[in-house]
1. So what is the relative contact order of the chain, in percent, for Cα pairs below 8 Å that sit 6 or more residues apart?
2. By what distance, in whole Å, do the Cα atoms of the chain stretch along each of the three principal axes, largest value first?
3. Across 5 Å bins from the origin, how do the percents of Cα pairs in region 2-83 run, short distances first?
4. Calculate the FRET efficiency for Glu190 and Lys253 from the Cβ-Cβ distance with a Förster distance of 30 Å, rounded to the nearest 0.05.
5. Residue-wise, which Karplus ³J(HN,Hα) couplings in Hz belong to region 373-390, taking 6.51 cos²θ - 1.76 cosθ + 1.60, θ = phi - 60°, and x for glycine or proline?
6. Looking only at Cβ-Cβ distances, which cysteines of the chain have no other cysteine closer than 4.7 Å?
7. Students often check this: by mean Cβ neighbours within 10 Å, which of 323-331, 274-282, 211-219, 106-114 ranks highest, and how do the rest follow?
8. Could you check the simple spin-label distance between Asn231 and Lys74, using points 7 Å along Cα→Cβ, in nm with one decimal?
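FYI, it's all coordinate maths here, none of it is from the lab. Predicted model only: the values in this text are computed from it and were never measured. Every residue, glycine as well, gets a Cβ built from its backbone with ideal geometry; the counts of neighbours run over all protein chains shown.
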Amino acid sequence: MKVAVVGLGNEGKNALRSLLNRGHHVYASDMNKNIELDHFNCADVDLGHHDLQRISSADAVVLSPGLWNTELAKKIRSKTKTLSDVLKNHKYIFTIGVTGTNGKTTTSFMIKEILENAGLNVLIGGNAGGGFKGYTELILKASSERSKYDAMVVEVCDMTLDFCDQTFDFDVVVVTNIGNDHMNFHKSLENYGKSICKFLKGKKAVLNGKDRFLSDMKDCADETFFFSKYNGELNIFGEFNRQNAAAALTAVKIMEIPEKDAEEALKNFKGVEGRTSNFKIHDSNLVIGKTDNADATAAVLNEVNFNVIIIGTPRKGENCRLNTLKEVSKVNPQVVAIFPGLDNTTDLAAEVLVDSGYRGRIQVLKNVEEVVNFTLKCAKQYKNIFIGGNGQKRLIEIENELYKFLNE
């Protein structure tokens, strides 16, 4: 099949990879001339312009979610040539969408494991920023393997709500919370809330009753179920994960999954790689996981009095994510270390710490090796250490390196 990929951001690159891996003939384009595409030599790519004739002649078109409401996208969509129009099998699988600011990935995997524990075959994926392979991968998998799946769980990035609303047929939508992230996109929490309300229209909604925005959204959906906190046995870190577990349990109840199956799965749930976990090194309690916005950081820091906090920094220009440093300053640890999580913005991060009133020790670390060595040194002196912030891949790498020292 000839497929055009329009827009080569994170989702577009993942779509390109998924299509090429399956032998499709791909034309891709983006208005940005400076996109790195070293690993996509098999694709025919235009940077700096879109060849409308080649896009029009394709059998199907993958549109970047960021372009979904542009005039170009509207023209393409009017011809019903988007990939989800051409390949429709994913629309016939019972689908649960999971969105919100924090907890999406963990909640998605909790739902998956509950359903699998009940004997169902589950397809999971979606939001490439959450560590999945993107929305196109889900569509392609469902197209070739529809009969194998009883349910599909889609992690939905809050910046792709319109795209996902028209790409998937959601039977249930879970919203974990509404918080301060991607404010360069939403502009305000009120706007974000309005987008969620629009997304819920015509669906069954599972909403966090403790969230001040979501608690007022009962009338946005056809049918609404509120969750609060799971009180059963759960062997992963954090009270916030009890909210995630309550969200998962509420969602699967709609599918009439036996509660004992759900509770058994939650009891045995080990967490998700790159999300918050805890273990001990040298008798020091170490908590590690991605906390790339202020709300996620505050949720973890409210759990334990950390002596040392080690934070990965955001990309250049993502100034709203520097608010994670303000949350660090509020709890006033003895030591704060900063390292390049997504970009080397450590100088700016240090400025934010000082401007926020932090007067403790600030240590700048250059790479994973330095983070690991610094953590091991601190583990001999301090009781509680947290490693978080931005840069999921780097945090996973740090965690894997530290695991080697568990028995020392």
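1. 12
2. Principal extents (Cα only, largest first): 64, 52, 41 Å.
3. Bins of 5 Å from zero give 3, 16, 32, 28, 16, 5, 0 percent of pairs.
4. Working: r = 31 Å, r/R0 = 1.02.
For R0 = 30 Å, the calculated efficiency reads 0.45.
5. Going residue by residue, I get 5, 5, 4, 4, 5, 5, 5, 8, 10, 10, 7, 10, 10, 10, 10, x, x, 9 Hz, with x marking Gly and Pro.
6. Cys42, Cys157, Cys164, Cys320, Cys378
7. Working: 323-331: 21.8, 274-282: 18.6, 211-219: 16.0, 106-114: 26.6.
For the peptides 323-331, 274-282, 211-219, 106-114, the packing ranking is 106-114, 323-331, 274-282, 211-219.
8. Rounded to a tenth, the inter-label distance reads 5.2 nm.
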